[in-house]
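**Q** Structure incoming, see below.
A short reminder: the numbers here are calculations on the coordinates, not readings from a lab. On a predicted model such as this, the values are computed, not experimentally measured, just so you know.
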Amino acid sequence: MRRDVFQAIADPTRRAIIALIALQSMTPNAIAEHFDTTRQSVSKHLRILTECELLSKKQEGREIYYQLQIDKMKEIDKWLSQFRKIWETRFSQLDNVLSTIKNIKK
C-alpha cells in the first residue's frame, strides 16, 4: 500500500523520529530508546516513514541505519511555502494596521 507523505508526518511520534534522524543516522534500537513505547511500535513507524520515502535504510554489517531523505522533505517544504507566503502577507498587513492604529492614538 502506497502511503501519503502527509499521512506519515501527521503522527507526532513519526515527526519526533524524523527530528531524531535529521541529526544523525540511527538504528531502530537507538531510536526506540527515545520513546516510551514498544520496539514493535517504533518499527511500524519506521516502516511507514520508509514507505513514504522520508527515510531510507542502509545496512552496515549486522546493523540497519535509518537516514532522512532530504529531497522528500524539500517536497513538503515546497508545498508549505505557498501557505507561508500567504501568512507572511497577512502578518505584514496586520503589522501595517497596528502601526496605523498606534500612530492615530498618539
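**Q** List nothing, just return the count: lysine pairs in the chain, 8 or more apart or interchain, with Cα separation under 26 Å.
**A** Going through the chain pair by pair, I get 12.
**Q** Per residue of segment 4-10, what does 6.51 cos²θ - 1.76 cosθ + 1.60 with θ = phi - 60° give for ³J(HN,Hα)? Whole Hz please, x for Gly and Pro, Karplus curve as stated.
**A** 8, 4, 6, 5, 5, 7, 5
**Q** Just to be sure I understand: with springs between alpha-carbon atoms less than 10 Å apart, which residue in Gln93, Gln24, Gln69 has the highest mean-square fluctuation in the Gaussian network model of the chain?
**A** Of the options given, Gln93 has the highest mean-square fluctuation.
**Q** Could you list which residues have their amide H under 5 Å from that of Met26, counting only those 5 or more apart in sequence or on another chain, with H placed in the peptide plane?
**A** Tyr66
**Q** Of the residues Thr50, Thr89, Thr37, which exhibits the maximal mean-square fluctuation in a Gaussian network model of the chain defined by a 10 Å Cα contact cut-off?
**A** Thr89
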